[in-house]
Amino acid sequence: MPNEVRIEPADVRDVPVVLSLIEALAEYERLAHEVVATEADVRESLFGATPHAEAVVARAGTEAVGFAVWFHNYSTFLSRPGLYLEDLFVLPAWRGRGIGQALLRHLARVAVERGCGRMEWAVLDWNDPAIGFYRRIGARPMDEWTVYRLTGDALERLAMA
């Protein structure tokens, strides 16, 4: 990784940067149509009275070139917290320079310092570059697990049942 790139905890002044990186990630993942987050949403979820996630920003000089967002989950089998990586993204022009690995290394340190028993994330099946990268650092897919999701009307219906 170039010496000028550093990983810094995001703060409230980074809200526009984080949102722009979320939008760039969504574009890369072909999911831009799903982004409804606003700066106010990002500010509240990361820096409000009850933060729901944490974020770091990778910077080259003053330019934000990547980010990671995570939160804690819990393993009943380990009886320990885990770190769930919601998103990790490096701008395409900055890939191949070790920035993604630096972001993951940073999060691994956070997980170890906080006594987490594991670190997990999901990756789109078609994202071969990311899958190869994750395998190279020692991560393994959980092939026997399928992620399920409730959103929108289905979530509302269940909540009202």
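Under the 0.36 nm per residue contour assumption, what length would be gained going from the current alpha-carbon distance of ARG118 and GLU27 to full extension?
Here the answer is 29.9 nm.
With an 8 Å Cα cut-off and a minimum separation of 6 or more residues, compute the relative contact order for the chain in percent.
18 percent
Please list 3J(HN,Hα) in residue order for region 8-21, calculated via the Karplus relation 6.51 cos²θ - 1.76 cosθ + 1.60 where θ = phi - 60°; whole Hz, with x for glycine and proline.
With the stated coefficients, region 8-21 comes to 10, x, 6, 10, 4, 5, 8, 3, x, 5, 4, 5, 5, 6 Hz.
Tell me, what ³J(HN,Hα) does each residue in region 96-103 have, in order and in whole Hz, if you take phi through Karplus 6.51 cos²θ - 1.76 cosθ + 1.60 with θ = phi - 60° and put x for Gly and Pro?
With the stated coefficients, region 96-103 comes to x, 10, x, 6, x, 5, 5, 5 Hz.
Nearest 0.05, what FRET efficiency do ARG157 and GLN101 give at R0 = 41 Å with Cβ-Cβ as r?
0.45
Between ALA49 and ALA139, what is the label-point separation in nm under the 7 Å Cα-to-beta-carbon projection?
According to this spin-label approximation, the distance is 3.5 nm.
Cα extents of region 74-131 along the three principal axes, largest first, in whole Å?
Per principal axis, max minus min of the Cα coordinates gives 40, 25, 13 Å.
So the label point goes 7 Å from the Cα of SER20 along Cα→C-beta, right? Which residues of region 82-117 then have their backbone N under 18 Å from it?
Under cut-off, by backbone N: 89-95.
Based on the Cβ-Cβ distance of VAL36 and SER79, what FRET efficiency does E = 1/(1 + (r/R0)^6) give at R0 = 30 Å, to the nearest 0.05?
That gives a FRET efficiency of 0.25.
Please report PHE133, PHE71 as a ranked list, fewest other C-beta atoms within 10 angstrom at the top and most at the bottom.
Arranged by neighbour count, lowest to highest, PHE133, PHE71 become PHE71, PHE133.
So if I take the alpha carbon set of the chain, get Rg, then get Rh from the Kirkwood formula, what is the Rg over Rh ratio?
0.96
Bear in mind that the values in this text are calculations on the coordinates, not laboratory data. Keep in mind the model is a prediction, meaning the values are calculated, not measured. FYI the Cβ positions are ideal-geometry reconstructions off the backbone, even for glycines, and counts take in every protein chain you see.
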